[in-house]
Amino acid sequence: NLADPQKVVVVPAVLNELGWPDVDLMKIDIDGPAFEVLHSFDGQFDELGLLAARLEVNLYGNSDAWEHTFHNTDRFMRARGFELFALDVRTYSMSALPSPFAITTPAQSVTGRPFQAEAFYARDPAAPEWSDLATTMSPEKLAKLAAIFSVWSQPDAAAEILLSYRERFGGLFDADVGIELLAGQAQAQMKAATAVPYRDY
């Protein structure tokens, strides 16, 4: 209700007006026209230098091509060179609480049906089919992508970047130290009693 129907806001155009031509990470979570907003970026991901996107998707809905569902988002992102790295699924129930506390709207629950999810998409220059992509990315962009993977709790994907392009990082940071930190992160996620060095891991 706060929007002006006479003034359509196109997000990439706003970024351009703000002088932000380089965007590493994008998140769309607007409880409504998310798929339409995603489409407004079509053809501009490369120009913006986008590395990754975190998108809320619905795991329900019809098969309409413009329905904001996971299968439509996944098809769109993969066709534009992004791979799915994680899917954080939320389950909901229509009556999550016992009567007389039952509610009529969906509530997040442990045993409910898959309802929505956060989908984590990123470029993957370490994959053989995308290795040409790395030649267009600066060392700083590669390092940022590795950092995004680490923040997303994907340390093995981050380590792949550091191992594949170790020589390109030069004076940015010590890739060997980074790999050791990522090995520690991976083992912490597995609740290992004691962390071992990367080579042993």
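The values are calculated or read from the model by the stated rules, or taken from the named source; none is laboratory data. This one's a predicted model, so the numbers in the text were calculated from it and none came from an experiment. Using ideal geometry, Cβ is built from the backbone for each residue, glycine included, and neighbour counts are taken over all protein chains shown. Just so you know, the surface numbers come from the protein's heavy atoms only, side chains and all, with ligands and any DNA or RNA stripped out. Shrake-Rupley method; radii C 1.70, N 1.55, O 1.52, S 1.80 Å.
Points worth noting:
- Cross-link reach list, lysines versus residue 27, counting only Cα pairs under 22 Å and skipping chain neighbours closer than eight places: 141, 144
- Sum of side-chain charges, residue 201 neighbourhood, beta-carbon under 11 Å (Lys, Arg +1; Asp, Glu -1): -2
- Top of 33, 12, 106 by mean-square fluctuation, Gaussian network on the chain, Cα under 10 Å: 106
- Region 47-201 - share of DSSP beta bridges that are antiparallel (%, nearest 5): 95 percent
- Accessible-area rank, largest first, for 75, 168, 90: 75, 168, 90, with all protein chains present and a 1.4 angstrom probe.
- Computed per residue of the chain from DSSP H runs no shorter than four, each worth -39500 (n - 2.57), the mean residue ellipticity at 222 nm is -10000 deg cm²/dmol.
- Förster radius 22 Å - calculated FRET efficiency between residue 86 and residue 181, Cβ distance, rounded to 0.05: 0.65
- Selected from 14, 57, 89 as most flexible by GNM, with the chain as the system and alpha-carbon contacts under 10 Å: 14
- Rounded Å value of the spacing that divides the Cα centres of region 133-201 and region 22-64: 26 Å
- The radius of gyration of the Cα set in region 16-80, together with its Dmax, comes out at 12.3, 38 angstrom.
- Carbon-plus-sulfur accessible fraction, region 126-201 (probe radius 1.4 Å, protein heavy atoms only): 56%.
- Carbon + sulfur, % of accessible area of region 1-70 - ligands and nucleic acids excluded, 1.4 Å: 54 percent
- Entry comment: accessible area of the chain is 59 Å² per residue, from protein heavy atoms only and a probe of 1.4 Å.
- Distant alpha-carbon pairs in the chain (separation over 22 angstrom), percent: 59 percent
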